[in-house]
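The values are calculated or read from the model by the stated rules, or taken from the named source; none is laboratory data. Owing to the predicted nature of the structure, the values given are computational and were not obtained by experimental measurement. Cβ: placed from backbone, ideal geometry, glycine included. Neighbour counts: every protein chain shown.
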Amino acid sequence: MFTPKYTITNRLLGNIKRIAEIVTDLNSRIFSRVVLFEMERRATEMSVYSSTSIEGNPLPLTDVKRILKNKPEYVRDSEKEVLNYNKALVELGDLIEAKKISLDIGWLEKIQKIVTDGLVAKHRCGRIRQEPVFVNDPRTTKTIYWPPDHQDVTPMLKELFDFLDKNNSVVDPLILAGIFHKQFVIIHPFIDGNGRTARLATKVLLAKMGLDTFKLFSFENYYNNNVAKYFKEVGLMGNYYDIKDQIDFTSWLEYFTDGIIDELLRVKNELEKEIASPDNTLKDHHQKLIDLIKEKGFVTDREYAEITDRAKPTRNLDFRKLIDLGLIIKVGKGKATYYKLK
């Protein structure tokens, strides 16, 4: 039975409380559709770039943005890796939103198949490994970790999922997601694509437990800012069977939650900058219009005209701006038109 060893340190407990505070603050605000769409686009680009860069992909962020925008038909392996990760992000995000995904061994195989499609042999794509695998230090090319034997991989994954199920309402979701991430890397269930699959699967797990990082956040960005630190915290050195009883998740959980805080604060700061930009700033007449809708439940152009001296064309622009910002919606046509909060 999988029983991970970890300690609820003051730092870890503080991180969990801090994350809850930031998320509550963000959820209490109303952001325009325009701003959210732009932030989602940036988060996707950053996630794709960061997660593939961690694994050694040489493409800079500018090239990643270009590839995602143009989606070329004929690509090199480095470009294919970028497109695959983006495809996984989009498909998994849609399934999470539709609540049509459950995380199990079958889904791990599907995720790995998407990220490695066209990059590894077909018999190694979307299948739990049936052979030994070794982890080398990219700097020295020397082997530093020998994962569990292939015949132990499936039983260990089942134990991991059993642990998640049994502790779903007992242990904090952030701790569960962090333990899953590291234990997945320890098991190393695939010949290739383990890191990318681990990060995508962790995003799925966080989303299912209430923190959807598919839309605005990219915790992969935090790891990519110091790859050596990430590898040190998430990985192991030596033979798994020699060190398995000494594995402690505490340091990793502190680092894992540090990363989520760092990314949440980055996103919060960017959102505040976007809101403060001229295109997204509400003026007094916009606020008066919103207040009127809140008071009455809806408003017509005639009612808006009674509280402002703005001409009809400019009133139309006011309604259009609030619609574009995702704050109100238009209902009806012609003289029967009215506006209400979205």
List pairs: first in the range 313-330 and more than 9 Å from Lys342 (Cβ to Cβ), second acidic (Asp, Glu), Cβ under 7 Å, 6+ apart or cross-chain? Arg315/Asp301
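Do the conditions hold for Asn70, that is, is it touching an Asp or Glu at 6+ places or on another chain (Cβ under 6 Å) and either touching a residue at least 24 places away in the same chain (Cβ under 8 Å) or over 24 Å from Asn194 (Cα atoms) (or both)?
Numbers: touching an Asp or Glu at 6+ places or on another chain (Cβ under 6 Å): no; either touching a residue at least 24 places away in the same chain (Cβ under 8 Å) or over 24 Å from Asn194 (Cα atoms) (or both): yes.
Considered against the rule, which asks whether it is touching an Asp or Glu at 6+ places or on another chain (Cβ under 6 Å) and either touching a residue at least 24 places away in the same chain (Cβ under 8 Å) or over 24 Å from Asn194 (Cα atoms) (or both), Asn70 comes out as no.
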Condition check: of a type in the set (S, T, N, Q), touching a helix residue (DSSP H, G or I) at 6+ places or on another chain (Cβ under 6 Å) and over 30 Å from Asn136 (Cβ atoms). Does Thr7 satisfy that? yes
Does the range 85-96 contain any residue that is within 16 Å of the chain's Cα centre (by Cα), surrounded by 13 or more Cβ atoms within 10 Å (Cβ to Cβ) and polar (S, T, N, Q)? yes
Take the residues in the range 91-119 that are in contact with a Phe, Trp or Tyr (Cβ under 9 Å, 6 or more places away or on another chain) and assigned to a loop (DSSP other than H, G, I, E, B); name whichever of them is farthest from Leu206 (Cα to Cα). Asp104
List every residue pair whose Cβ atoms sit under 6 Å apart, with the two residues 6 or more apart in sequence or on different chains, where the first one lies in the range 24-37 and is over 15 Å from Gln287 (Cα atoms) and the second, anywhere, is polar (S, T, N, Q) and in a helix (DSSP H, G or I). Val35/Asn280
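Is it the case that Leu236 is surrounded by fewer than 13 Cβ atoms within 10 Å (Cβ to Cβ) and touching a helix residue (DSSP H, G or I) at 6+ places or on another chain (Cβ under 8 Å)? Explain how you work it out, then say what you get.
Details: surrounded by fewer than 13 Cβ atoms within 10 Å (Cβ to Cβ): no; touching a helix residue (DSSP H, G or I) at 6+ places or on another chain (Cβ under 8 Å): yes.
In short, no.
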Would you mind finding the one in Leu68, Leu83 that is over 24 Å from Leu271 (Cα atoms) and not hydroxyl-bearing (Ser, Thr, Tyr)? Leu83
Looking only at the range 180-189, decide whether some residue is surrounded by 18 or more Cβ atoms within 10 Å (Cβ to Cβ), in the same structural domain as Asp94 (by TED's automatic domain parsing) and closer than 17 Å to Ala20 by Cα. no
I'd like the full set of residues that are under 24 Å from Pro147 (Cβ atoms) and of a type in the set (D, E, K, R), limited to the range 186-230. Asp192, Arg196, Arg199, Lys203, Glu220, Lys229
Output the residues belonging to the range 204-227 that are over 14 Å from Ile54 (Cβ atoms) and part of a helix (DSSP H, G or I). Val204, Leu205, Leu206, Ala207, Lys208
